[in-house]
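The structure appears below as structure tokens.
The values are calculated or read from the model by the stated rules, or taken from the named source; none is laboratory data. Predicted model, so just to flag it, every value in this text is computed and none were measured. Every residue, glycine as well, gets a Cβ built from its backbone with ideal geometry; the counts of neighbours run over all protein chains shown.
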Amino acid sequence: MKTVIVAIIPARGGSKGVPGKNIKTLAGYPLIAYSIVACQLSNKIGRTIISTDSEQIAEIARSYSAEVPFLRPPSISQDRSTDREFIVHALDWFKDHEGQEPDYFVHIRPTTPLREPASIDAAIQIIMEKQGATALRSVHEIPESPYKMFSIKDGLLEGLYPDDPRPEYYNLPRQNFPTVYKPNGYVDIIKRETVRESESLHGSKMVAFVTQVSVEVDSQEEFDFLEYEVRRKQYRIFDYLKSKYKTVQK
């Protein structure tokens, strides 16, 4: 039986940091359009669906040829709702309405808009070939180790690792600490069997997919930076948007 690979883009209507973030205009196009197009230009993704609780987002997503087969219930669209909840909801929908669940969900967050479709395909290929993998997550290296960071208690700085036996370990050069990676939302891949056979979303054997540093949008300043970035470099997804769709007036 053919492996079923579906991209799922979560896009809640609510956003406290940047209101309407998922459809806010970036270089003339709604933020979510970049993620939709990246999936459409992938050679391995069969379908691209949107999981949203907003009819406005759904309408915009459809205008860029994404599928919106359902609206996500408000109960799993809250600030504290988990990713696993909307993934299970989508799996249940496929089971009930199409009789077959996807083998893989390619989880694409609209808040990390600048991707290369070829990188998505590379990630899919890696997890399909990796025996025993329970999921794949994209990360990039961060320059500052958390070993050199602090919390504040009663107005005083405290190291985050009080059990580290080295005196003032947080003052050591960064080369004394392990390399650390941050999840960045570039591309995560979820396996149906991991979700269905456990209470987990990613499981215990997550394949690392290391990307370039990727900006996740959570402030107007980050929007402004990406506006500069998308015009400074050549992105296939941006060229595709410009060739096929008219820009949106702010």
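The sole residue among VAL230, VAL217 that is within 18 Å of GLY185 (Cα to Cα), part of a loop (DSSP other than H, G, I, E, B), β-branched (Val, Ile, Thr) and in contact (Cβ under 8 Å) with a residue 24 or more places away in the chain is VAL217.
Taking the listed residues ARG192, ARG174, ARG196, ARG166, the one that is farther than 30 Å from ARG12 by Cβ and in contact with a Leu (Cβ under 8 Å, 6 or more places away or on another chain) is ARG166, with no other qualifying.
To keep it simple, each residue is scored yes or no on (1) more than 30 Å from GLU227 (Cβ to Cβ); (2) modelled with pLDDT of 95 or more.
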residue: PRO173; (1), (2): yes, no
residue: THR179; (1), (2): yes, no
residue: TYR186; (1), (2): no, yes
residue: ILE189; (1), (2): no, yes
residue: ARG192; (1), (2): yes, yes
residue: HIS202; (1), (2): yes, yes
residue: PHE209; (1), (2): no, yes
residue: GLN212; (1), (2): no, no
residue: VAL215; (1), (2): no, no
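Determine if region 228-242 includes at least one residue that is within 20 Å of ALA33 (Cβ to Cβ), loosely packed, with under 13 Cβ neighbours inside 10 Å and of a type in the set (Phe, Trp, Tyr). Yes - at least one qualifying residue is present in region 228-242. Inclusion of ILE126 among residues that are within 30 Å of LEU172 (Cα to Cα) and at pLDDT 95 or above is not warranted. With respect to the conditions (1) in contact with a Ser or Thr (Cβ under 8 Å, 6 or more places away or on another chain); (2) on the phi < 0 side of the Ramachandran plot, GLY28 falls short on a single one, namely (2). Residues that are in a strand (DSSP E or B) and either farther than 13 Å from TYR104 by Cβ or modelled with pLDDT of 95 or more (or both) occur at least once in region 27-39. Annotation: GLU59 fulfils all but one of (1) in a helix (DSSP H, G or I); (2) over 25 Å from TYR240 (Cα atoms); (3) among the charged types (D, E, K, R); the unmet one is (2).
Would region 122-129 turn up any residue that is surrounded by fewer than 17 Cβ atoms within 10 Å (Cβ to Cβ) and in contact with a helix residue (DSSP H, G or I) (Cβ under 9 Å, 6 or more places away or on another chain)? No, the conditions are met nowhere in region 122-129.
Residue count for region 108-154 satisfying the condition of being basic (Lys, Arg) and farther than 25 Å from GLU221 by Cα: 4. Summed over region 24-77, the residues that are more than 18 Å from the chain's Cα centre (by Cα) and closer than 21 Å to GLU216 by Cβ give a count of 7. Of the residues in region 32-52, how many are surrounded by 22 or more Cβ atoms within 10 Å (Cβ to Cβ) and of a type outside the set (Val, Ile, Thr)? Looking only at that region, the number is 7.
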